[in-house]
Amino acid sequence: MQHTEIREIFEAYFEKYKKTEGDRSSWSAVWLESSPNGTLELNMTKCPAGTTFKIFVNRTKITEVIGWDAFFPAMNMVAEKHPGLYDAEKLFTDMKFVI
């Protein structure tokens, strides 16, 4: 799946499922993917400082990156360190299904 398509799907998912962090200046949407290899949680937060992604594997925060340019390399790192956990095609096809 191409990066532009992934971005469009995640942005649409965010718009549909975002929740405020309290002061209405920060909004987040979370996606949780479970598999026999563990759990992968993606938290997208938008605030005045920009778009932040928090990535968790088995409920442990692996990394936090700012912006789409940093998101894709971070997900490549997750795929390398946790084989079989991150399947972009499956994850974003599932995400698109619930939009």
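Okay, residues lined up against (1) of a type in the set (D, E); (2) touching a Ser or Thr at 6+ places or on another chain (Cβ under 6 Å); (3) surrounded by 14 or more Cβ atoms within 10 Å (Cβ to Cβ):
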position: Y13; (1), (2), (3): no, no, yes
position: Y17; (1), (2), (3): no, no, yes
position: S28; (1), (2), (3): no, yes, yes
position: C47; (1), (2), (3): no, yes, no
position: G50; (1), (2), (3): no, no, no
position: V57; (1), (2), (3): no, no, yes
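Looking at E80, E41, just one residue is free of Cβ contacts under 8 Å to residues at least 40 places away in the same chain, out of contact with any His (no Cβ under 7 Å at 6 or more places or on another chain) and open to solvent by 70 Å² or more (accessible area, probe 1.4 Å), and that residue is E80. The listed residues are E80, E64, E89, and the only one of them that is among the charged types (D, E, K, R), part of a helix (DSSP H, G or I) and more than 13 Å from R7 (Cα to Cα) turns out to be E80. In this structure, I66 does not qualify as among the β-branched types (V, I, T) and open to solvent by less than 70 Å² (accessible area, probe 1.4 Å). Among the residues making up the stretch 83-99, those that are open to solvent by less than 50 Å² (accessible area, probe 1.4 Å) and touching a helix residue (DSSP H, G or I) at 6+ places or on another chain (Cβ under 6 Å) are Y86, F92, M95.
The values are calculated or read from the model by the stated rules, or taken from the named source; none is laboratory data. Treat the numbers as computed from the prediction; the structure is a model and nothing was measured. Note that we place each Cβ from the backbone using ideal geometry, even for glycine, and neighbour counts take in every protein chain shown. Surface areas here come from the heavy atoms of the whole protein model, side chains and all, with no ligands, DNA or RNA. Shrake-Rupley method; radii C 1.70, N 1.55, O 1.52, S 1.80 Å.
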